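J.: The structure under discussion is supplied below as structure tokens; questions concerning it will follow.
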């Protein structure tokens with residue numbers, strides 16, 4: 001293992017990493033009827049085959065999660081700040097060394113409890129794309145890998161609606177207008193020739209996939225009040241250039257895919273836990289692309305066709321926006 005990449009394990013050994021993010025997320029979720037209990041030391045000891053859960057894993061914060069059969073499982077807390085958890089401190093060899101022990105520990109918990117335990121929770125300040133790619137492998141054998149970070153926690157705690165002092169008719173002004181409409185009592189109703197959507201507001205500027213310095217952000221996150229699917233709403237303002245508009249589709253797909261992978265984490269933190277009624281995680285995340293102008297880029301239709309070939313259940317709609325009397329008006333969706 002690269003010496004520089006051993007920093008994280010050494011810091012764990014010294015016990016000088018912060019546990020504040022782990023504690024506040026667990027405290028929040030515990031209010032929703034999920035109980036986090038430290039792992040019984042007897043489970044970690046050698047089993048009948050002589051295998052032992054190594055120190056590489058046991059120095060992390062380990063919990064069994066109970067309280068709702070669909071959300072029970074193993075939780076692993078990674079202490080430290082975003083620098084401690086960056087690729088500069090955590091190398092791939094370390095991640096590999098705890099990947100199988102996580103599966104082993106999860107299996108032991110299943111045997112001890114006699115339950116399915118369909119979830120593994122990864123809790124920490126922020127995780128790199130390298131980390132997440134490695135741990136998405138767990139989803140091949142465990143139904144739900146739920147990643148809970150400080151970014152998504154803080155976003156869920158923010159109940160505000162965006163305000164802007166930008167010049168009127170900017171992209172941020174459009175975002176503010178649509179958030180306000182979605183947050184009103186009746187929500188934002190959009191019609192097409194074949195369907196109607198009733199959109200309700202959850203949050204804005206939602207941190208998604210990792211960027212160069214900070215996470216990329218989805219413009220608006222909501223849900224459909226008809227089927228309770230999550231809705232990723234990506235926008236371009238009236239002054240967007242041709243290149244910016246053409247980039248909207250791929251940007252929206254990327255953010256929608258992130259929400260799809262993390263929709264159980266979104267439900268936990270935005271919907272008051274498993275008993276929340278607003279979000280149905282069995283539904284695919286809808287993607288809405290909102291922009292001004294009469295014409296939809298022809299490439300959008302081809303890109304949507306290709307996306308639906310990969311996922312026949314994907315829902316992608318194009319929303320035409322216009323400005324009438326200093327107010328954003330929703331046209332047809334296609």
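The values are calculated or read from the model by the stated rules, or taken from the named source; none is laboratory data. Please read these numbers as outputs of a predicted model, since none were measured by experiment. Here Cβ is always computed from backbone atoms with ideal geometry, including for glycine, and neighbour counts include all displayed protein chains.
J.: Conditions: (1) closer than 18 Å to residue 266 by Cβ; (2) in contact with a strand residue (DSSP E or B) (Cβ under 8 Å, 6 or more places away or on another chain); (3) at pLDDT below 95. Residue 122 meets all but one. Number of the miss?
T.: Unmet for residue 122, out of (1) closer than 18 Å to residue 266 by Cβ; (2) in contact with a strand residue (DSSP E or B) (Cβ under 8 Å, 6 or more places away or on another chain); (3) at pLDDT below 95: (3).
J.: Among the listed residues 283, 320, identify the single one that is surrounded by 16 or more Cβ atoms within 10 Å (Cβ to Cβ) and more than 14 Å from residue 236 (Cα to Cα). Working first, answer last.
T.: Numbers: 320 fails: more than 14 Å from residue 236 (Cα to Cα).
Checking each option against the conditions leaves just 283.
J.: Looking for whichever is assigned by TED's automatic domain parsing to the domain that holds residue 147 and touching a residue at least 40 places away in the same chain (Cβ under 8 Å) here; the options are 69, 30. Which one fits?
T.: Working: 30 fails: touching a residue at least 40 places away in the same chain (Cβ under 8 Å).
On inspection, the qualifying residue turns out to be 69.
J.: I'm checking my understanding of the structure. Among residues of the stretch 127-141 that are surrounded by 11 or more Cβ atoms within 10 Å (Cβ to Cβ) and free of Cβ contacts under 8 Å to residues at least 12 places away in the same chain, which one is nearest to residue 89 (Cα to Cα)?
T.: 133
J.: Consider residue 146 carefully, then state whether it is buried (at least 16 other Cβ atoms within 10 Å of the Cβ), at pLDDT below 95 and more than 20 Å from residue 59 (Cα to Cα). Break it down stepwise before answering.
T.: Values: buried (at least 16 other Cβ atoms within 10 Å of the Cβ): yes; at pLDDT below 95: no; more than 20 Å from residue 59 (Cα to Cα): yes.
So residue 146 does not fit the description; no.
J.: Can you confirm whether the stretch 213-221 contains a residue that is loosely packed, with under 14 Cβ neighbours inside 10 Å and within 30 Å of residue 87 (Cα to Cα)? Walk me through how you get there before you give the answer.
T.: Start the filter on the stretch 213-221 by keeping residues that are loosely packed, with under 14 Cβ neighbours inside 10 Å, which leaves 213-214.
Right, trim to within 30 Å of residue 87 (Cα to Cα) and you get 213-214.
So far as the stretch 213-221 goes, yes, one or more of its residues are loosely packed, with under 14 Cβ neighbours inside 10 Å and within 30 Å of residue 87 (Cα to Cα).
J.: Taking the stretch 308-317 on its own, how many of its residues are part of a loop (DSSP other than H, G, I, E, B) and farther than 18 Å from residue 259 by Cβ? First the steps, then the outcome.
T.: So the first thing to find is which residues in the stretch 308-317 are part of a loop (DSSP other than H, G, I, E, B), and the list is 311-314.
Then drop every residue that is not farther than 18 Å from residue 259 by Cβ, which leaves 312.
Total satisfying the criteria: 1.
J.: Still on this structure, please answer the following. Criterion first (at positive phi and buried (at least 18 other Cβ atoms within 10 Å of the Cβ)) does residue 273 satisfy it? Walk me through how you get there before you give the answer.
T.: Values: at positive phi: yes; buried (at least 18 other Cβ atoms within 10 Å of the Cβ): yes.
Yes; evaluated as a whole, the condition is true for this residue.
J.: So, one more: Working carefully through the options 49, 57, find the one that is more than 19 Å from the chain's Cα centre (by Cα), surrounded by 15 or more Cβ atoms within 10 Å (Cβ to Cβ) and either assigned by TED's automatic domain parsing to the domain that holds residue 7 or at pLDDT 95 or above (or both).
T.: Details: 49 fails: surrounded by 15 or more Cβ atoms within 10 Å (Cβ to Cβ).
On inspection, the qualifying residue turns out to be 57.
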